[in-house]
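Here's the structure we're looking at; comments come further down.
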Amino acid sequence: MKIAKKSTTLAVSPADPCALQKIVTLLDHPLLHTIGAVADDLQLQAYVVGGFVRDAFLNRPSKDIDIVCVGDGMLLAQRVAASLDNKLEVTTFKTFGTAMLNWKGWVVEFVGARKESYCITSRHPSVLPGTLDDDQMRRDFTINTLAICLNQNQYGLLLDPFNGQKDLENGIIKTPCDPLQTFSDDPLRIIRAIRFATQLNFNIAEETLGAMAMVRNRLKIISQERITEELHKIIAAHKPSYGFQLLFKTKILEVIFPEMANLAGRDQVGTHSHKDNFIHTLEVLDNVSASSSKLWLRWAAIFHDIAKPLTKQFSPKQGFSFHGHEDLGAKMVPQIFRRMKFPTNKEILGYVQKLVKLHLRPIALVEQVTDGAIRRLLYESGDDLEDLFLLCRADITSKNPIKVAQYLANFDRVEAKVLDVEARDKIRNFQPIITGELIMNTFHLKPCKTIGLIKQAIKEAVLEGKIKNEYEEAFNYMYLVGNQLLAKEE
Ligand code: CTP
């Protein structure tokens, strides 16, 4: 069969005329016409459903299509693939009864309409064939239940038994059935609700939100990888703090990221108090997100004060302090990364640790700025200097705009000075000129501790500005230090 291309009067009717036009264009696609025509041949009903329809109504183009058919979804997938291109492969997932194909950048997933029933200890349902109604009812949120018919006689007919279209218009996340049931069936939906609310800037219906809070401990049966995937999506949103506020309000954060939930709260002793570090962290996160879409820089914002609760101290004279939270925070990062199943390589884990560890350094330079301190910062931050600056600027949160302006101006001065030293000394990508091999040859040494000590001394001298990072000066310094150290050893 050839790829079908038919012009059809569509029966969908979103209130917004632009959205309507968009859907008409989206639906009038050869791929969807082909699926409809093949379904007609097989005498099956086929519908496009879920995220593709939701996103079409919201004018967010997507190339992921979910097809539900009343009957054998695997057979429909095989026949559609054959009619699009007889070499096209279909991937089948027998356990889930789904099949998937990739065609010209489109990813199409097929499933037979089903009823699902769940047992309390497992997130795997037992599945029975069902009607389209059954299938819509088993879905997570009303905005994801919309189905559009692809069969020729009803092409474009919208089936919306749960008023998903109205919820899309009003910006509401709501379950189609009893929310306790929907969330117990698949607890990942608890976080999906917050993810959709954050991505789309929607509200979550009160009853739905209440149920999420009630069944939050059921998240413990969900694999960490799937939870983490949702968290990444929340963090990648335009205003990620919204999602974290919801996670906190429902006490879900205590279950999935207790260290972050622990940041919340303010202590007051007499006239002394400190800011709520959870609210502050969210402000920093939003500030970073307004300037950068880098996922791990956003995570660094979340982690930057993570050790504050553990380092909190009170003295009647100075009030509250969180001394050393940057160092302890950097030490806490790896264990949280492992638990969250984040990548633990140097590029990601090392990067986040570095930003957490250094986040107070640039601001500290406002008060005590020596070229040596600047060189040290340049050396330690290396290529991540710009990201560190961005985080530090984002960290300036105060309700008093005069204070913020003052701090930012101080920061401008530090930044200018840092860039000036870098232009002069090129410390950022410091590579030692004196190699271990040269040291061994000069002093007739075999590999030993002293070589490391000499190298370290040369690096310190460069950072302190005692010598330039140039061969002659560095060589002479090596000679001096080497002889001193070796004399001591004799
Ligand atoms: N679905 C569900 N419960 C889940 C996951 C998915 O009911 N835990 C249903 C929803 O109807 C959803 C559809 O399956 O729309 C497809 O799921 P998925 O591809 O994960 O999400 P999308 O809605 O397409 O959105 P996104 O691509 O942003 O994840």
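For the reader, a short list of remarks on this structure follows.
- Protection-proxy order for peptides 188-194, 67-73, 154-160, each taking the mean of Cβ atoms within 10 Å per residue, highest first: 188-194, 67-73, 154-160
- Percent carbon-and-sulfur accessible area, region 257-371, ignoring ligands, DNA and RNA, probe 1.4 Å: 51
- The distance separating the Cα centre of region 192-233 from that of region 24-92 comes to 28 Å.
- Restricting region 347-452 to trypsin sites (Lys or Arg not before Pro) that sit in a DSSP loop and have at most 15 other Cβ atoms within 10 Å of their own Cβ leaves Lys399, Lys426.
- Kirkwood Rh, angstrom, region 17-170 [1 / mean 1/r, Cα pairs]: 15.8
- When nucleic acids and ligands are ignored and a 1.4 Å probe is applied, His33 ends up with an accessible area of around 10 Å².
- Taken along its three principal axes, the alpha carbon spread of region 133-209 comes to 40, 25, 17 Å, from the longest extent down to the shortest.
- Judged by the ratio a/c of the largest to the smallest principal axis of the C-alpha gyration tensor, region 276-337 counts as oblate, that ratio being 1.5 or greater while a/b is no larger than b/c.
- Degrees between helix 401-425 axis and first principal axis of the chain (Cα, 0 to 90, nearest 10): 60
- Relative contact order (%) - the chain, alpha-carbon pairs under 8 angstrom, separation at least six: 8
- P(r) tail fraction, the chain - alpha-carbon pairs more than 43 Å apart, %: 37
- When Leu31, Leu295 are compared by accessible area at a 1.4 angstrom probe, the order from most to least is Leu295, Leu31.
- Listed pairs Lys275/Lys399; Lys446/Lys468; Lys94/Lys115; Lys294/Lys331 exceeding 19 Å between Cα atoms: Lys446/Lys468; Lys294/Lys331
- In this structure, His29 and Asn153 have a Cβ-Cβ separation that, at R0 = 25 Å, corresponds to a calculated FRET efficiency of about 0.85.
- 1.4 Å probe accessible area per residue over the chain, in Å²: 49
- Accessible-area order (highest first, 1.4 angstrom probe) of the listed residues Phe257, Phe248: Phe248, Phe257
- Whole-Å distance, taken between Cα centres, linking region 391-453 and region 256-279: 32
- For the chain, with +1 on Lys and Arg beta carbons and -1 on Asp and Glu, the positive-most of Gly73, Leu388, Thr442 along the dipole: Thr442
- Taking the helices alone, the chain has a mean residue ellipticity at 222 nm of -15500 deg cm²/dmol, built from -39,500 (n - 2.57) per DSSP H run of at least 4 residues and averaged over all its residues.
The values are calculated or read from the model by the stated rules, or taken from the named source; none is laboratory data. These numbers were taken from a predicted model, which means no experiment stands behind them. We place every Cβ from the backbone using ideal geometry, glycine too, and count neighbours over all the protein chains shown. For accessibility, only protein heavy atoms count, side chains too; no ligands or nucleic acids. Shrake-Rupley method; radii C 1.70, N 1.55, O 1.52, S 1.80 Å.
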